[in-house]
Structure formats: C-alpha cells, structure tokens
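Worksheet for the structure shown next.
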2 protein chains.
Amino acid sequence: MVIKIGGNAEVAISGLLLEIAHLYRGGQQVVLVHGGSGLTDSLSVRLGRAPRTITSPGGMTSRYTDAEMLSIFAMAVAGEINTQVVSWLQGDGVNALGLSGVDGRLLVARRKEAVRSVTPDGRVHVVRDDYTGRIECVNGALLRQLLAAGYVPVVAPLALGQMGERLNVDGDRAAAAIAVELQAEALVILTNVPGLLTDPQDSNTTIPTIAAEKLDEYMPYAQGRMRKKLLGANEALQGGVARVLIGNAPLPDLLGGEGTVISSG
Amino acid sequence: MVIKIGGNAEVAISGLLLEIAHLYRGGQQVVLVHGGSGLTDSLSVRLGRAPRTITSPGGMTSRYTDAEMLSIFAMAVAGEINTQVVSWLQGDGVNALGLSGVDGRLLVARRKEAVRSVTPDGRVHVVRDDYTGRIECVNGALLRQLLAAGYVPVVAPLALGQMGERLNVDGDRAAAAIAVELQAEALVILTNVPGLLTDPQDSNTTIPTIAAEKLDEYMPYAQGRMRKKLLGANEALQGGVARVLIGNAPLPDLLGGEGTVISSG
C-alpha cells in the first residue's frame with residue numbers, strides 16, 4: 001500500500017502515524033510519500049524569498065523552483081519533514097527509513113527545460129531556470145529490498161535528473177509512480193478535504209465512488225491542488241493499481257470506503 | 001572503507017567525488033560520512049539565530065543544539081548537503097544513497113540530557129534543552145545490505161535517540177562508529193589541514209605516522225576540531241579498524257601514506 005500525506009499536517013499527523021504503526025504491526029507493507037509545500041513556503045519567506053508559481057497555458061499551477069528555491073525545497077522536504085516523520089514513526093515502533101528520489105536513483109525524472117508560463121494578464125513567457133521534473137523511472141528493486149527487510153520507506157518528492165541534478169517533483173504523482181512500480185493494492189492520497197467534492201465550498205458533497213474509466217468526466221470538479229491528485233490517481237489506475245482512495249478521514253475509515261474511492265473494473 | 005568529509009568543502013569536493021567514483025568502479029566498497037557545520041552556521045544566521053557553543057569543563061566545545069537549532073541542523077545536513085553530495089555522485093556514475101542516522105535506526109544515540117557548560121568567565125551551568133547525542137549502536141546490517149546491492153551509502157550525522165527524537169552527533173565520531181561496525185580496512189578523515197601538525201601554524205609540520213597505542217601522547221597537539229578527529233580515530237582503532245588516515249591530500253595520495261597515518265600493530 002502506498003500512502004501519500006501532505007507536508008503541513010503536523011497537528012493531525014500523530015494519529016495517522018499510529019494508524020500506520022498498526023498496519024505495520026499487522027504485517028502490511030507500506031510506503032509513505034509526503035509533500036512539503038507549506039514548510040517550503042514559510043522557510044523561503046524567512047530566507048527573504050517569496051514563493052512564486054508558474055501557471056501553464058492549460059491552467060495548471062506549480063511551484064517556480066529556481067536553483068535557490070530548489071535548495072530551500074530540499075531542506076524542507078528531505079531535511080526537516082522527512083527526518084521528522086521517520087523519527088516519529090521510529091518512536092511509534094515502526095522501522096521507517098527516509099529516502100528522497102535522488103537516493104539510489106529512486107525517482108529519475110526528466111527536467112522540463114523550457115516551461116511556458118502565463119501571466120495574470122494573459123502573456124506567455126518561457127521559464128528556463130526551473131528545476132521541476134516529470135518522473136520517468138522508479139527504482140522498484142530498492143523499495144522491494146527495503147520492504148522485504150522490514151523497513152517502511154518514507155519518500156520525499158525530490159528526484160534525480162538525467163544530468164545528476166536535483167529536481168522538484170509533485171508528491172501526488174510521485175506516490176502514483178511508486179504505486180504503479182510496486183503494483184500496490186491501493187494508493188491512498190490523504191488531503192485536507194473529505195474527498196472530491198461536487199461543491200468545493202460544501203464538505204458534505206463528497207463523491208463516494210468513481211469508476212476509473214469515467215474519471216475524466218469528474219475532472220471539472222477538481223480545483224487547485226485536487227487536480228494533481230486526480231492526475232496522479234489516473235496515472236496509478238492506468239498503470240494497474242486497482243484502487244485510489246482520496247480523503248481526510250482516519251485511515252481505517254478511508255480503507256473502509258469513506259472519502260472518494262476510484263477503482264477499476 | 002569509510003571516508004569522512006567536511007560539509008564546507010564545496011569548492012574542493014568535485015575532485016574528491018571523482019576519486020571516490022574511481023574507487024567505486026574499481027570495486028571498492030565505500031561509505032561516505034559528511035559534516036555540515038558551515039552551512040548550519042550560515043543558515044541559522046540567515047534565520048536570525050546566532051550559532052552558540054557549549055564548552056565542557058574538559059575544554060571540549062560542541063554546538064548548542066536546542067529544538068530550533070536541531071531543525072536547522074537537519075535541514076542543512078540531511079536536506080541540502082546530503083542530497084547535493086548524492087546527486088553529484090550520481091552525476092559521476094556512482095549509485096549513491098543518502099541516509100541520516102534516524103533512517104532504519106542507522107545510528108542510535110543516547111541524548112546527553114544535562115550538559116555542563118563553562119562560560120568564558122569560568123562559571124559552570126547545566127544545559128537541559130540540548131539535543132546532542134553519543135552514538136551507542138550502528139545498524140550494520142542495513143549498510144552491508146546496501147553495499148552488497150552496489151550502493152554507496154552517504155551518511156548525514158543525525159542520530160535517533162531512545163525516545164524517537166532526532167539528535168545531533170559528531171560526524172567524525174559517527175564515521176568512527178560506522179568503521180568499527182563494518183570492521184573497515186581504513187577510516188579516512190578528510191579535513192582542511194595536511195594532518196596532525198606539531199605546530200598548528202605551520203602546515204609543514206605534519207606528523208607522518210603514529211602507532212595507535214601512542215596516540216594519547218599526541219593529543220596535546222590537537223587543537224579545536226582536530227581533538228574530535230583524534231577521539232574518533234582512537235575509537236576506530238580501539239574498535240578494531242587497522243588504519244586511520246587524516247589529511248587534506250587527494251585521496252590516492254592519502255591512501256599512499258601522505259597526511260597522518262595512525263595504525264595499530
């Protein structure tokens with residue numbers, strides 16, 4: 001099972017880690033993938049750098065990650081959040097082991113060398129110093145070796161580029177790529193909303209189930225970061241993962257069907 | 001072979017990494033351990049926190065690492081330096097894999113809960129919020145498993161405490177503990193001086209060889225951070241490592257006898 005958590009949920013995370021500890025003691029193999037946008041933003045502000053975003057012509061936004069922002073991102077996700085989550089899990093008796101995608105070529109990505117970005121007034125310009133990548137290859141042998149030895153891999157969304165450079169990759173899609181490589185029984189994407197909502201302002205409008213082949217029809221409901229979660233879900237399902245669960249319920253409840261369940265077949 | 005590098009040598013490091021790549025292609029198993037004092041200091045200043053030190057009654061100085069400084073230390077060593085060194089090695093064709101001591105219980109340490117600190121005017125006070133530890137256990141099975149699979153472990157000097165907390169540990173002594181656990185053929189401690197000098201102001205006064213059983217007699221020559229390197233060297237030799245090499249020469253020259261060679265028997 002591959003579980004994606006946000007990087008900001010410091011308050012809510014202790015319950016989740018206990019739930020993961022429970023799964024682990026039950027013999028469930030788990031890979032945890034985390035984000036880190038919130039800490040990256042606050043750290044960059046403290047270091048005098050306002051976070052910036054790139055908006056693609058298709059309307060998708062992503063972090064503008066120049067060389068300095070890449071260092072800040074690495075410090076936040078691989079330095080602080082990853083070691084913190086690993087040590088918390090260790091405190092709960094889980095033999096967690098943190099990696100980022102550069103480690104042992106866990107996540108190899110292709111850098112987007114020229115990114116088209118649309119300004120609020122509609123002008124398009126090309127950004128060339130962005131260190132963001134699209135994952136092309138996952139080192140499944142490494143994960144399987146660690147899982148077989150009883151470790152719980154905890155993965156920070158940093159990838160290795162073709163030139164040996166570090167790249168920022170999206171955590172949801174990293175989790176999807178890992179789930180596909182391991183042919184996980186489920187990809188669980190934890191977020192701060194109960195699931196995919198028909199009305200983003202009303203948390204009582206969760207869509208309970210979606211058939212994988214109909215996922216496209218539901219894309220219009222996805223706003224903001226939920227779009228990348230659905231993209232990741234789609235990549236996982238296309239790649240052979242049977243179930244993707246999205247929501248903010250306790251893990252046992254999500255596994256029991258709360259939140260949005262997207263499944264194939 | 002266990003190689004300890006500083007965390008500040010960004011300029012000189014590319015040659016070293018090529019030398020490690022050469023050893024790796026020759027079939028040599030290598031574990032790399034790095035520091036990170038310089039970046040921790042500069043990052044903490046940028047974040048508005050002046051670095052502080054604790055001086056023990058015996059005159060040994062160490063970083064005062066409260067909870068906030070521990071986060072800064074983790075971001076610098078595990079977030080920035082570790083991922084940077086790993087990606088550079090990957091760019092040189094070395095399948096490096098970064099870990100800190102919290103990962104898979106690689107380095108388990110005992111926190112020094114009450115540390116006596118001497119002020120410049122000689123007063124002793126007790127510091128209770130310091131997250132510094134002394135390594136008690138190394139997960140050698142994890143390192144051997146990774147080495148056997150062809151990875152080069154790159155280790156950041158963060159350890160796991162008994163309560164699941166992150167701890168700052170000294171990089172030289174972490175390298176020594178790892179060398180002992182693996183019964184390495186040599187521990188190489190790279191630094192910014194040519195070796196142990198009889199006159200710290202004169203780089204032509206390198207002591208070429210020291211017999212392990214006479215190391216105590218040479219301790220008075222060690223100033224500042226060199227004291228911890230000799231402590232680490234002593235721990236490695238006592239633990240069964242045959243040779244400790246200290247210096248700043250290119251790696252092949254150090255292995256050929258340049259710098260200070262401390263050996264047993």
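The values are calculated or read from the model by the stated rules, or taken from the named source; none is laboratory data. Every value quoted in this text rests on a predicted model; they were computed, and no experiment measured them. Every residue, glycine among them, receives a Cβ derived from its backbone with ideal geometry; neighbour counts consider all protein chains shown. All accessible areas refer to the heavy atoms of the entire protein, side chains included, with ligands and DNA or RNA removed. Shrake-Rupley method; radii C 1.70, N 1.55, O 1.52, S 1.80 Å.
Here are a few things to note about the model shown:
- Condition met for B:Val2 (in contact (Cβ under 8 Å) with a residue 40 or more places away in the chain and more than 30 Å from B:Val124 (Cβ to Cβ)): yes
- Within region A:85-97, residues that are without any contact (Cβ under 8 Å) to a residue 12 or more places away in the chain and at the interface with another protein chain (Cβ under 7 Å from one of its Cβ atoms) reach partners that are open to solvent by less than 10 Å² (accessible area, probe 1.4 Å) and of a type in the set (Val, Ile, Thr) with beta carbons closer than 8 Å, at six or more positions or on different chains, in the pairs A:Ser87/B:Val102; A:Gln90/B:Val102.
- Against the test of being on the phi < 0 side of the Ramachandran plot and in contact (Cβ under 8 Å) with a residue 24 or more places away in the chain, the options A:Ala179, A:Ala114 yield a single qualifying residue, A:Ala179.
- Looking across region A:42-58, the residues that are surrounded by 15 or more Cβ atoms within 10 Å (Cβ to Cβ) and modelled with pLDDT under 95 come down to A:Pro51, A:Ile54, A:Thr55.
- Of all residues in region B:13-37, those satisfying the criterion of being in contact (Cβ under 8 Å) with a residue 60 or more places away in the chain and part of a loop (DSSP other than H, G, I, E, B) are B:Gln29, B:Val30, B:Gly35, B:Gly36.
- Annotation note: of B:Thr61, B:Thr65, the sole residue that is in contact with a strand residue (DSSP E or B) (Cβ under 8 Å, 6 or more places away or on another chain), surrounded by fewer than 24 Cβ atoms within 10 Å (Cβ to Cβ) and more than 8 Å from chain A (Cβ to nearest Cβ) is B:Thr61.
- Scoring B:Arg134 on the criteria (1) in contact (Cβ under 8 Å) with a residue 24 or more places away in the chain; (2) within 14 Å of another protein chain (Cβ to nearest Cβ) leaves a single failure, condition (2).
- Single residue of B:Glu136, B:Glu113 found to be open to solvent by 30 Å² or more (accessible area, probe 1.4 Å), under 26 Å from B:Ala236 (Cα atoms) and at pLDDT 95 or above: B:Glu136
- Entry remark, region B:188-207: residues being touching a helix residue (DSSP H, G or I) at 6+ places or on another chain (Cβ under 8 Å) and not in a loop (DSSP other than H, G, I, E, B) number 4 in total.
- Members of region A:147-176 that are facing chain B (nearest Cβ under 8 Å), over 18 Å from the mean Cα position of the chain (by Cα), in contact (Cβ under 8 Å) with a residue 24 or more places away in the chain and under 25 Å from A:Gln84 (Cβ atoms): A:Tyr151
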